[in-house]
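Throughout, read-outs are computed from the coordinates displayed, never taken from laboratory work. Because the structure is predicted, anything quoted here is derived from the model rather than measured. Neighbour counts are summed over all protein chains in view; Cβ atoms, including those assigned to glycine, are modelled from backbone coordinates with ideal geometry.
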Amino acid sequence: MIAPPAMLGMLGGGQLGRFFVMAAHELGYRVMVLDPDQASPAGRIADVHLQAQYDDAVALQKMAAECAAVTTEFENVPAQTLSFLSQHLPVSPAAECVAIAQHRSREKTFLRDQGFPVGPFAVIDSAADLEVLAKEAQAYFPAVLKVARFGYDGKGQARVANLDEARAALAAFKGEACVLEKFVTLDCEVSVVLARAQDGQAKCFPLSENQHRRGILDVSIVPARVAEPVREEAEQLALEIARKLGYVGVMAVEFFVSEGRLLVNEIAPRPHNSGHYTLDACLVSQFEQQVRALVGLPLGDTRAHSAAVMVNLLGDVWLHEDVSREPRWPEILAVPGLKLHLYGKHEARVGRKMGHFTVLGREVGEALPAALAARAALGVADD
């Protein structure tokens, strides 16, 4: 076990890193954050903020020399950075796990080859790969074309109804490697956030039901309104994926529920937006669990003591008719059971995650209407 007040390293300075810093401080640890943004939310509250690129040799040497262990808050940290640091100190998740999860082609292929249920997809490394699909286009369209690297929150994605639209989308992505994923009949989307320790012990947080707007997570509902066998299967699939990866740390597995059947959508090798409810509804949050897994402490109790509905707050809430204004916080903070979390980002932009709130209740039927009413009070209307 790594004992406090050891220095822990965090690659990435966004809101996930910020919550990690807060959890580490509560357990008596210090944190060094590496992030190039001088105003990064995590860097502003860390004990040390290294303002440098993720492959900066001097910064990485300092982190290797002064930290007892290192983790990450987003999957696009260069895998070679994790490999370098792992030569000097414990790093979780491992570079091999991140390399799979940060590349959609590798991720989908890994899941399929390991026997996990996935929807129809095709790896598109070039325009020639699209032409191969011409004879069996019905098996792949309509679909979504996604860039293999760096796409998130709806970015780097295009809905395509046929081969011609796929060709145009690939050209717009400048021929970047992509994955073509056929649309499936969707009942709902759910996710499992879990933690896995170095000794293989693993625990799942309660299953979350997720609703998206414009490709960005909007609302998470816990417990998910699905049948018990679906919940149990989602947890078992997520645990088996973590085992097959040899994963250590916190990860999320996103699923489609399609005609009652689970299909794995994506793996996130880090805490996840849909797990933010754990900050208020569980005895141990996903971020404390990340600290525990990193330093070798026993994993905490993942049970929820309340039903919860989490609502994302995007920069749109601050921006109305091209005028920036502070949202009506007193109105929503008067809602019983509501907890507000703002991330300390210095500039609101359309689509940028600025914060979230969670409404707790005895059951979803109590928490959901209150959360949606608070969301509407901030000017967020249903599409």
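Points to keep in mind about this one:
- All other residues whose Cβ lies under 12 angstrom from that of TYR29 are scored, Lys and Arg at +1 and Asp and Glu at -1, for a net of -1.
- Counting lysine pairs in the chain whose alpha carbons fall under 26 angstrom apart, excluding pairs fewer than 8 residues apart on the same chain, gives 25.
- Estimated inter-spin distance, ALA172 and HIS88, nm [label 7 Å along Cα→Cβ]: 4.3 nm
- Förster radius 45 Å - calculated FRET efficiency between ARG261 and ASP199 (Cβ-Cβ, nearest 0.05): 0.85
- Kirkwood hydrodynamic radius of the chain, Cα pairs, Å: 21.6 Å
- Computed lengthening from VAL58 to GLN138, 0.36 nm per intervening residue step minus Cα-Cα distance: 23.6 nm
- If only the Cβ of Lys and Arg carry +1 and only the Cβ of Asp and Glu carry -1, the dipole of the chain around its Cα centre is close to 340 debye.
- Across the chain, C-alpha contacts under 8 Å between residues 6 or more apart give a mean separation that, scaled by the residue count, equals a relative contact order of 14 percent.
- Each semi-axis of the equivalent ellipsoid for region 125-206 is √(5λ) with λ an eigenvalue of the Cα gyration tensor; in descending order they amount to 32, 16, 12 Å.
- Förster radius 51 Å - calculated FRET efficiency between VAL48 and ALA227, Cβ distance, rounded to 0.05: 0.60
- Label point distance in nm, ASP37-ASP125, each placed 7 Å from Cα along Cα→Cβ: 3.4 nm
- Each of LEU133, PHE19, MET32 was placed along the dipole of region 1-141 (beta-carbon charges, centred on the mean Cα), and the one lying farthest toward the positive end is PHE19.
- Within the shell of other residues whose beta carbon sits under 10 angstrom from the beta carbon of ALA39, the net charge comes to -1, with Lys and Arg scored +1 and Asp and Glu -1.
- Centre-to-centre separation between the Cα atoms of region 1-54 and those of region 88-160: 31 Å.
- Potential lengthening between ARG213 and LEU342 on full extension [0.36 nm per residue; Cα-Cα distance subtracted]: 44.4 nm
- Residue-span extension gain [LYS155 to ARG328] - 0.36 nm each, minus C-alpha spacing: 59.4 nm
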